[in-house]
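Everything on this sheet refers to the single structure shown next.
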Amino acid sequence: MGKKNEIVMSGIRPTGYLHLGNYFGAVKNYVRMQDEFECYFMVADLHSLTTHPDTKELKANVHRVLSENIACGLDPDKVALYCQSHVYETSELYLYLNMMAYKGELEKTVTFKDKARQHPDNVNAGLLTYPVLQTADIILHRALYVPVGKDQEQHLEMARNFANRFNHRYGEVFPEPQAFNYGSELVKVPSLDGAGKMSKSENQFATLYLSDDDDMIRKKVMKAKTDSGPTEPGSVKPDYIENIFLLMKLVSTDEVIQKFEEDFNKCTIRYGDMKKQLGEDMVRFIAPIREKAESIRNDETYLKGVMEKGAEKARKSARATMELVREAIGLKYF
Ligand code: TYM
């Protein structure tokens, strides 16, 4: 599947260290898509300002996200890998789209309600219009596919609405962007405490970061919530046990998974052994990415080159779209 002339776009906020959810929900797909499509992947630094006004760590975080993406296999020669703030056209499109986004629908967005609850003293207009900026990122390249995790589903639905509204009002400029995953469903990597998903800034001990050292990985996995095991053959797994199996499916071999499935069904499972195995398999998965990312991060000259080249490619595509947008809106007076 896939044709080079179909366009892919996605982004990650530089608000902390990348984790297993970012990898399996997003970056893993990016790496596969880079050989099949025309791809634009960015560090969403403007979005991070909606919740992280203090920018002391921004530069280090931007470098970190870029390095981790490259360490996971993204090739800056194959894709446009860039920073959102370097593509000024994004802000212009964001402004036009804001005239088509209604207060009521923005206030109903789940991520807006969550963030407003978490930071009641900073419910700013940028936070309210976060999905509008995300739409601008995507349709600026007239992208068709957007590789994201399950938590971004609603934002993608809004992006489709805004794109359609623009087309309806001013004429057909944008395709309808779709959330994308190579499997059949969007991914949600659960947190280790059995509650919610892995996340960059919440509950850091229940999240496995691509930068965690080996001992930290083992320690976090061993602390994952379990119980004394099933007492009847063929029992249904509680959510937190299901989550451990789910994590195992991401990094362990089929034989290992099958063994623990059988042990569970026979009520002979030992969760201590299972977590030990999962810890080792996680270390084997994460350690090479961590080491590679560290060496890339230390090469600031290389990263500067990546950002410059990425911005150039992204702006070329952005400029072409904005010509069409201004024309369609009627902002051409001579
Ligand atoms: P962000 O930075 O929160 O997350 C980056 C990507 O990682 C995915 N993800 C997960 N997937 C599975 N399980 C998890 N536990 C998990 N946690 C995070 C997210 O779904 C996402 O794909 N609003 C976006 C950034 C953005 C963007 C865009 C995305 C800005 N502009 C344009 C796509 C297109 C965000 O906050 O992602």
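The values are calculated or read from the model by the stated rules, or taken from the named source; none is laboratory data. On a predicted model such as this, the values are computed, not experimentally measured, just so you know. Reconstructed Cβ throughout: ideal geometry from the backbone, glycine too, with neighbour counts over all protein chains shown. Note: areas computed on protein heavy atoms with side chains; ligands, DNA, RNA excluded. Shrake-Rupley method; radii C 1.70, N 1.55, O 1.52, S 1.80 Å.
Quick one: in region 237-258, which of the residues that are within 15 Å of LYS276 (Cα to Cα) and hydroxyl-bearing (Ser, Thr, Tyr) is most open to solvent (accessible area, probe 1.4 Å)?
Checking each candidate, the answer is THR253.
Within region 138-158, how many residues turn out to be open to solvent by 50 Å² or more (accessible area, probe 1.4 Å), near the ligand (Cβ under 8 Å from one of its atoms) and closer than 21 Å to MET100 by Cα?
0
Quick check on VAL62: is it under 21 Å from ASN298 (Cβ atoms), within 10 Å of the ligand (Cβ to nearest atom) and surrounded by 17 or more Cβ atoms within 10 Å (Cβ to Cβ)?
Considered against the rule, which asks whether it is under 21 Å from ASN298 (Cβ atoms), within 10 Å of the ligand (Cβ to nearest atom) and surrounded by 17 or more Cβ atoms within 10 Å (Cβ to Cβ), VAL62 comes out as no.
Filter region 138-197 for residues that are among the polar types (S, T, N, Q) and part of a helix (DSSP H, G or I); which is nearest to the chain's Cα centre (by Cα)?
Among those residues, the one meeting the criterion is GLN152.
Are any residues in region 166-201 assigned by TED's automatic domain parsing to the domain that holds MET99 and farther than 28 Å from MET33 by Cα, and if so, which ones?
Once the filter is applied, which keeps residues that are assigned by TED's automatic domain parsing to the domain that holds MET99 and farther than 28 Å from MET33 by Cα, region 166-201 yields HIS168, ARG169, TYR170, GLY171.
Filter region 288-334 down to the residues that are under 30 Å from THR253 (Cα atoms) and touching an Asp or Glu at 6+ places or on another chain (Cβ under 6 Å) and list them by number.
ALA293
What are the residue pairs meeting all of these: first residue in region 169-191, first residue on the phi > 0 side of the Ramachandran plot, second residue buried (at least 16 other Cβ atoms within 10 Å of the Cβ), Cβ atoms under 7 Å, and 6 or more apart or on different chains?
GLY171/ALA328
Residue-wise test of (1) crowded, with 22+ Cβ neighbours inside 10 Å; (2) in contact with a Leu (Cβ under 7 Å, 6 or more places away or on another chain); (3) within 23 Å of ARG315 (Cβ to Cβ); (4) in contact (Cβ under 8 Å) with a residue 12 or more places away in the chain.
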site: GLY25; (1), (2), (3), (4): yes, no, no, yes
site: PHE41; (1), (2), (3), (4): yes, yes, yes, yes
site: GLU68; (1), (2), (3), (4): yes, yes, no, yes
site: LEU93; (1), (2), (3), (4): yes, yes, yes, yes
site: TYR102; (1), (2), (3), (4): no, no, no, no
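Can you tell me which of LEU128, LEU144, LEU133 is under 14 Å from THR50 (Cβ atoms), touching an Asp or Glu at 6+ places or on another chain (Cβ under 9 Å) and modelled with pLDDT of 95 or more?
Result: LEU128 is the single residue among LEU128, LEU144, LEU133 that is under 14 Å from THR50 (Cβ atoms), touching an Asp or Glu at 6+ places or on another chain (Cβ under 9 Å) and modelled with pLDDT of 95 or more.
Would you be able to say whether some residue in region 153-166 is over 30 Å from GLY330 (Cα atoms) and in contact with a helix residue (DSSP H, G or I) (Cβ under 9 Å, 6 or more places away or on another chain)?
Yes, region 153-166 contains a residue that is over 30 Å from GLY330 (Cα atoms) and in contact with a helix residue (DSSP H, G or I) (Cβ under 9 Å, 6 or more places away or on another chain).
Please note which helices (runs of 4 or more DSSP H) are completely contained in region 1-90 and include at least 1 residues that are more than 17 Å from the chain's Cα centre (by Cα).
Passing ranges, in order: 58-71.
Could you look through region 159-188, keep only residues that are buried (at least 20 other Cβ atoms within 10 Å of the Cβ) and among the aliphatic types (A, V, I, L, M), and pick out the one that is nearest to the ligand (Cβ to nearest atom)?
Going through the qualifying residues, I end up with VAL187.
Restricted to region 196-209, and to residues that are within 12 Å of the ligand (Cβ to nearest atom) and open to solvent by 40 Å² or more (accessible area, probe 1.4 Å), which residue is modelled with the highest pLDDT?
That would be LYS197.
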